[in-house]
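Following: one structure in structure tokens, then a few remarks.
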Amino acid sequence: MSASDDSLEAAGVDGAIQADVVIVGAGPCGLFQIFELGLLGIHAHIIDSLQHPGGQCSELYPEKPIYDIPALPVCGAQELVDRLLQQAKPFNAQFHMGQEVTELKVLPDHTFLLRTSNDTRFHARTVIVAGGLGSFQPRRLGCEGADAFEGTHIHYKVKSAADFTGKRLLIFGGGDSALDWTLEFAGKARSVTLVHRRNEFRAAPASVAKMRDLVSSGSMRYVEAIAQSLISEGGNFQGVRLKKTDGQVEDVHADRALVFFGLHPKLGPIANWGLGIDKRAIQVDTEKFQTNIPGIFAVGDINTYPGKKKLILSGFHEAALAAFAVAAHLNPAKKIPLQYTTTSPIMQKRLGVGAEP
Ligand SMILES: Cc1cc2nc3c(=O)[nH]c(=O)nc-3n(C[C@H](O)[C@H](O)[C@H](O)COP(=O)(O)OP(=O)(O)OC[C@H]3O[C@@H](n4cnc5c(N)ncnc54)[C@H](O)[C@@H]3O)c2cc1C
């Protein structure tokens, strides 16, 4: 064994999963990255701390329509994720879900060792960080004992709207999510009470105006207040005690509380990997979307460069260029020609749709 083999072994490479490329984050950009790499004949491993792929689309707004995906005039957020998974399917990426990448080390031979929260190790020749907002957490209600009801009576996202119809709902927040769901459930739920701490809203003015009309017509209530404590009896959730801005206290009985106080983005372990960071995003160039460490790339919401816009379509463009850069990094001597999926027999073979090359 050579000296460098010794140092690799000491670094913990032995027994690690060997990979040409590891993608950190299975949001929409990580999923499209699989596809773009696959077209160039590169197989990917992809890791996400969530149990399911889809990132923000699946986690935060699965049932909302998206209108700015090229060639899809309207597409549900979860539908987009399903389509991306279907598109990436021919490339058989290996998904490693429910584990956070906690460590990323540069090894003496300029390859990388990644370690996850359940102690899986990957020895990768290149890494693409598609970590979005990082390990994000919704801001919690902040009442004592609320954790015990999380996912049963207190919710920070709507997985299925059907779970809430016919129920007495307390909705907290003043942003788009709070207002959109208020409007969605008014008339479908048994009752809706929107609670916001002040009379100014971050949500679209048209949504706020609709909400006020519903209040005027008696279809729902609006209370300017904060949550003071939970009302529970015998361990059962009964509602929330509110402290109103005029100092009065009101008990609102409800079956479910929906809380939309926004995300609390936490870059998490990514901040400790020696990457150039600016305002909680990874600095990249706009040719390869490479970070300050050669061989580590970053695409999607996690990266920053002059003019960056955190849009899904920007991440798709970045993924295409990063794939070419990864191919060049893996095989510097080989020229990578631009090929069209329409006409390239080799790409069509990789996609499983065409004739032999
Ligand atoms: C309500 C709402 C509506 C939106 N509407 C639109 C719209 O109409 N059009 C549009 O273009 N964009 C929209 N966006 C923005 C869009 O969702 C994001 O731009 C997009 O999700 C970014 O994709 P991504 O793959 O970069 O990151 P994300 O979707 O954030 O996915 C990142 C993934 O990385 C994982 N991750 C992070 N750190 C680690 C780690 N250390 N280890 C393992 N996994 C990790 C996370 O768990 C997550 O699953 C909207 C966002 C919100 C919140």
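None of the figures in this text is laboratory data; all of them are computed from the coordinates on show. Given the structure is predicted, the values throughout are model-derived calculations rather than measurements. Here Cβ is always computed from backbone atoms with ideal geometry, including for glycine, and neighbour counts include all displayed protein chains.
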Checklist entry - Using a simple charge model, +1 on the beta-carbon of Lys and Arg, -1 on the beta-carbon of Asp and Glu, nothing else, what dipole does the range 124-181 show about its Cα centre, in debye to the nearest 20? => result 160 debye
Item to check | Antiparallel content of DSSP bridges confined to the chain, in %, to 5 | outcome: 45 percent
Item to check | Candidate aspartates and glutamates - alpha carbon under 20 Å from residue 334, same-chain residues fewer than 8 apart omitted | outcome: 20, 36, 287
Item to check | From phi via Karplus (6.51, -1.76, 1.60), per-residue ³J(HN,Hα) for the range 291-298 in Hz, x at Gly/Pro | outcome: 7, 5, 9, x, x, 10, 10, 9
Checklist outcome for this item: Length gained if residue 52 through residue 147 is fully extended, taking 0.36 nm per residue and subtracting the Cα-Cα distance, is 32.0 nm
Checklist entry - Distance from the Cα centre of the range 270-289 to that of the range 311-336, in angstrom? => result 16 Å
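If you wrap a convex hull around the alpha carbons of the range 269-357, what volume per residue comes out, as a whole number of Å³? Mind showing how you got there, number by number?
Numbers: hull volume 11.4 nm³, N = 89.
Roughly 128 Å³ of hull volume per residue.
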Checklist outcome for this item: Semi-axes in Å, largest first, for the chain (Cα gyration tensor, √(5λ)) are 45, 23, 17
Next on the checklist: Rounded, prolate or oblate, given the Cα gyration tensor of the range 133-266, with a/c below 1.5 counting as rounded?
Outcome noted: rounded
Checklist outcome for this item: Ranked by GNM mean-square fluctuation in the chain (Cα springs under 10 Å), the top entry among 227, 320, 206 is 206
Checklist entry - What residue among 315, 173, 15 has the largest mean-square fluctuation in a Gaussian network model of the chain, using Cα springs under 10 Å? => result 15
Checklist outcome for this item: Within the set 71, 322, 88, GNM on the chain using Cα springs under 10 Å gives the largest fluctuation to 71
Checklist entry - Once both axes come from the Cα atoms, what is the angle between helix 312-330 and the longest principal axis of the chain, in degrees from 0 to 90, rounded to 10? => result 20 degrees
Item to check | Proximal lysines relative to residue 167, as straight alpha-carbon distance under 30 Å, when same-chain residues fewer than 8 apart are discounted | outcome: 64, 157, 159, 188, 210, 243, 244
Next on the checklist: What is the distance in Å between the Cα centroid of the range 110-153 and that of the range 208-245?
Outcome noted: 32 Å
Checklist entry - Relative to the first principal axis of the alpha-carbon coordinates of the chain, what is the inclination of helix 205-216, with its axis defined by its Cα atoms, in degrees from 0 to 90 and to the nearest 10? => result 30 degrees
Item to check | Cα-based shape type of the range 84-146, given that a ≥ b ≥ c are square roots of the gyration tensor eigenvalues and the cut on a/c is 1.5 | outcome: oblate
Checklist entry - Can you list, bin by bin at 5 Å, the percent of alpha carbon pairs in the range 19-105, starting at 0? => result 3, 15, 24, 23, 17, 12, 4, 1, 0
Next on the checklist: For a quick check: with amide H placed at 1.01 Å from N, whose amide H comes under 5 Å from residue 251's, ignoring anything fewer than 5 positions away on the same chain?
Outcome noted: 242
Item to check | J(HN,Hα) series, the range 159-172, from Karplus relation 6.51 cos²θ - 1.76 cosθ + 1.60, nearest Hz, glycine and proline x | outcome: 7, 9, 4, 4, 5, 10, 5, x, 9, 7, 10, 10, 10, 10
Checklist entry - Taking every DSSP beta bridge that has both residues in the range 83-205, what percent is antiparallel when rounded to the nearest 5? => result 60 percent
Checklist entry - Using just the C-alpha positions of the range 75-199 as equal point scatterers, what log10 of I(q)/I(0) does the Debye formula give at each q in 0.12, 0.15, 0.17 1/Å? => result -0.74, -0.95, -1.06
Checklist entry - By a straight-distance test (C-alpha under 24 Å), which lysines pair with residue 279 as possible cross-link partners, with residues fewer than eight away in the same chain excluded? => result 105, 266, 288, 308, 309, 310
Checklist outcome for this item: Under the Karplus relation with 6.51, -1.76 and 1.60 and θ = phi - 60°, whole-Hz ³J(HN,Hα) for the range 91-102, x at Gly and Pro, equal 9, 6, 4, 9, 8, 10, 9, x, 9, 8, 6, 9
Next on the checklist: Ignoring everything except DSSP H segments at least 4 long, calculate the 222 nm mean residue ellipticity for the chain; use -39,500 (n - 2.57) per segment, divide by total residues, nearest 500.
Outcome noted: -7500 deg cm²/dmol
Checklist entry - Which of the listed residues, 170, 39, 127, is farthest toward the dipole's positive end in the chain, when Lys, Arg count +1 and Asp, Glu count -1 at the beta-carbon? => result 170
Checklist outcome for this item: About its Cα centre, the chain carries a charge dipole, from +1 on Lys and Arg Cβ atoms and -1 on Asp and Glu Cβ atoms, whose size in debye to the nearest 20 is 880 debye
Checklist entry - What is the ratio of the Cα radius of gyration of the range 57-99 to 2.2 N^0.38 Å, where N is its residue count, to two decimals? => result 1.31
